[in-house]
Amino acid sequence: MKTASALSVTLHVAVLAWAMISFNGKAFDVPPVEAMPVDMIPVEDFTELTKGAKDAPKKEEPKPLVEKKQEEVKKPEETKPKVTEKKEVAAAKEEAPPPPQETKPDPIAEKIEKQEPPKPQQQAAKPPERLPPKRPPVPKQPKFDADKIAALLDKREAQRNAATGADLNSAPSLGASQGNAKRLSASELEALRARLMALWNPPVGIQNPEQFIIRVRMQLKPDGRLAGPPQVLSSGHGQLFDSARDSAIRAVFRAQPFDMLRKETYDTWKDIEVTFDPRDMFRG
Amino acid sequence: MTDVMSRLSRLTVLPSRRDLLAGAAAGSLLALTPRTASAVLRLDITQGNIQPMPIALPDFVAGAPQDAELARNITGVISANLQRSGLFAPINPQAFIEKVINTDVVPRFPDWRAINAQALVTGRITRQGDGRLKAEFRLWDVFAGQQLDGKQYFTTPENWRRIAHIISDAVYERLTGERGYFDTRIVFVDETGPKDRRVKRLALMDQDGANVRYLTRGDELVLTPRFNPSTQEVTYMSYGQGDPKVFLLNIETGQREIVGNFPGMTFAPRFSPDGQRVVMSLQQGNNSNLFVMDLRSKQTTRLTDTPAIDTSPSYAPDGSRICFESDRGGSQQIYVMPAAGGPAQRISFGEGHYSTPVWSPRGDYIAYTRQARGQFAIGVMKPDGSGERVLTEGFHNEGPTWAPNGRVIMFFRDNGGGPYLFTIDITGRNDLKVPTPSFASDPAWSPLLS
């Protein structure tokens, strides 16, 4: 028992000592990694499509590059279904002769019944040769047109070009129906802000500026003018508040027309809420 | 299985029927509220552009041809007042498109927008049957296209300047949100004669320099006049034969009385905000200490007791504290203490000597005179000593006094020839000379008359 425990202790100590030596406190070295230059590009540049308008003029920029290939693409698409039909037709050709032979009895029998009972047997042998060509050819003949055969030949060449042609032409000039790229650009927003800042003349007597933060909501018309009088959303009382409110309203009125905003982005700026916050101006 | 279910329902907080109903109600309410908010473009404007507001003041319409000049004069006084404030830029009348204004008709706002007028004041002067003047005015917001204010006043014809000042105040107050200061007067020391035999008389005038009136004859030396903040009463220091004494003078009646019966010199008096007490310095040997006297009971109270020169006391507008200058620390500095006396705290720590502290009627600043590097400066600092700002500095600037709205400071400046009165905005802008008949010093601004 003693030896066992002694052995256990010594072994444990040995393992511990080994662990302490081998797993020393050396920190993990992270080899310096060369900084990788990264360009920050807004996702919108790639993902957003412009909203389509039916009467938008087509942009013809991409055309010259793909023009020749596009023409070729159109043809193969039309001929595709025809190709498969042709294969069926080929099968029908072989089978065609036998069915007429099988179906022969029925028309003959009808005719026999209508005309005379004794004759059918003699005529039966003759009409089968004449009748079959009349019926089957009607549906099958169009598939054998010479034009379609020419299309078949064209198709093979066109298919090779189609892959590249379709990819290159992926940007439609009329846009997607749910596009949302019509946002105010930062410079438009800044121009709007700069105009309001230049025209906002807050009352100089403001002492507790946090009481005179004026929120103004305004609806604009596409021509950049106010659709109606701006609404004041903040409330307060006293002469100073009235003056602060009037100064904000006056700034909005004087800023008309908001010609720095593009008509294309009208949806984003038809309804604007401006907060006139004098805290930074009257601190201390 | 049922056991498990019942345990589950005990463990999890299942909403009761009432909760569900409340939730449904809240949900339907949410659904009812307009959801257009998400489409609103939000914009924060944190900086404005403080500049004089262009204002159009076409001549007031006269009810009778003989009053045309009076109407024009009233308009001129209002225009000058607003211009001097530095917050308005009256537009040259020659630019007006709409010339004659009927005060009862809404002006043609596009005409006024075209000349970039932001506010428009129209008015009419008519004479009543009893000879009094009736003055009406309307203040219009040109861009919003609405009337902001409209009042009428009656007065005697010789009081036309006051009417003009009162209308100026109404316009100023409506557009700036601050109390006006045009319907006020200035008491000052008028100085005439050669430098070695200067005659100093106490004089009174409108804040724009008009209607100068002399209150003393000039046979005594007068200094440091101060207006009572609540009545048209003045206290000042005067000395003829004996010790300099503090006097009280009623402007309207000319009645004069001495304040306190102290042995020795009393000086630097100033009223308390309620006008019921006068605080001043009393010289005792080489020291001077602050005393306050109740004007009704004539009871005096000592506020400081130091072996130093404590002087130029001034009350905070709420009457709770007093700022004063003292050399107890070695040089003249500004201290603040409770109005009843007690421990004083030094608030000025800049370069040079600080003197003549005056608490703003608005309470936010203390104006002072600072002497450093051979230059005299007028400045302001907050009552805790922070935010110190020098407004003007030069050969000699001294004796600041506040307009009743706490926005403008008047002081006297001597560039070598003699002293004149000047005003300056607390922003340090709009440094203007006040017209006076001759040299002038020690101005004191009255409270609003109306």
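No lab work stands behind these numbers, since they all come straight from the coordinates. Model, not experiment: these values are computed from the prediction. Note: ideal-geometry Cβ built from the backbone for every residue, glycine included; neighbour counts use all protein chains shown.
Data for the structure
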{"item": "Cα-based equivalent ellipsoid, segment B:38-124: semi-axes from gyration tensor eigenvalues, Å", "result": "32, 17, 10"}
{"item": "Cα pair distances exceeding 19 angstrom across segment B:139-200, given as percent", "result": "53 percent"}
{"item": "Positive dipole terminus of chain B, leading residue within B:Q146, B:N430, B:A268 (C-beta point charges)", "result": "B:Q146"}
{"item": "Chain B: angle of helix B:68-85 to the longest principal axis, Cα-based, in degrees nearest 10", "result": "80 degrees"}
{"item": "Rh by Kirkwood over Cα pairs, then Stokes-Einstein D for segment B:318-445 at 1.567 mPa s and 4 °C, µm²/s", "result": "88 µm²/s"}
{"item": "Centre separation in Å (Cα based) which lies between segment B:346-393 and segment B:157-214", "result": "25 Å"}
{"item": "Magnitude of the charge dipole, chain B, Cβ model with Lys/Arg +1 and Asp/Glu -1, debye to 20", "result": "780 debye"}
{"item": "Label-point separation, A:M40 to A:K263 (7 Å along Cα→Cβ), nm", "result": "3.5 nm"}
{"item": "Inter-part distance where segment B:238-298 and segment B:98-150 are each reduced to a Cα centre, Å", "result": "48 Å"}
{"item": "Theoretical FRET efficiency, 1/(1+(r/R0)^6), r = Cβ-Cβ of A:R217 and B:A372, R0 56 Å, to 0.05", "result": "0.60"}
{"item": "Radius 14 Å from Cβ of B:R198, net charge of other residues (Lys, Arg +1; Asp, Glu -1)", "result": "-3"}
{"item": "Cβ-based net charge around B:T300, under 13 Å, with every Lys or Arg adding one and every Asp or Glu removing one", "result": "+3"}
{"item": "Helical mean residue ellipticity (222 nm; -39500 (n - 2.57) per DSSP H run of 4+; nearest 500) of chain B", "result": "-5000 deg cm²/dmol"}
{"item": "Stokes-Einstein diffusion coefficient of chain B, Kirkwood radius over Cα pairs, 20 °C, 1.002 mPa s, in µm²/s", "result": "84 µm²/s"}
{"item": "Of B:L221, B:N159, B:G387, farthest towards positive along the dipole that unit charges on Lys, Arg, Asp, Glu beta carbons give chain B", "result": "B:G387"}
{"item": "Calculated from backbone phi, Karplus (6.51, -1.76, 1.60) coupling profile of segment B:305-313 in Hz, x at Gly/Pro", "result": "8, 10, x, 8, 9, 9, 8, 6, x"}
{"item": "Exposed-site-free run, longest, chain B (rule: GluC sites (Glu not before Pro); DSSP loop; at most 14 other C-beta within 10 Å)", "result": "B:1-251"}
{"item": "Environment charge of B:G218, counting only residues whose C-beta is closer than 12 Å and scoring Lys/Arg +1, Asp/Glu -1", "result": "+1"}
{"item": "Cut-off of 10 Å, at most 12 other beta carbons, DSSP loop: longest stretch of chain B lacking such trypsin sites (Lys or Arg not before Pro)", "result": "B:109-216"}
{"item": "Segment A:200-253: mean projected area of Cα convex hull, nm²", "result": "3.7 nm²"}
{"item": "Karplus 3J(HN,Hα) series, Hz, for segment B:196-208 with 6.51 cos²θ - 1.76 cosθ + 1.60 (x for Gly, Pro)", "result": "7, 10, 6, 8, 10, 10, 7, 10, 10, 8, 5, 5, 9"}
{"item": "Value of relative contact order over chain B, rounded to a whole percent, pairs C-alpha under 8 Å and six or more apart", "result": "9 percent"}
{"item": "Residue (of B:G341, B:C323, B:T356) at the positive-pole extreme of segment B:314-365, dipole from beta-carbon charges", "result": "B:G341"}
{"item": "Lysine pairs in chain B with Cα atoms under 23 Å, if 8 or more residues apart or on separate chains", "result": "7"}
{"item": "Cβ-derived FRET efficiency at R0 56 Å, B:K99 paired with B:S386, nearest 0.05", "result": "0.60"}
{"item": "FRET efficiency, B:N116 to A:S234 (Cβ-Cβ, R0 41 Å, nearest 0.05)", "result": "0.95"}
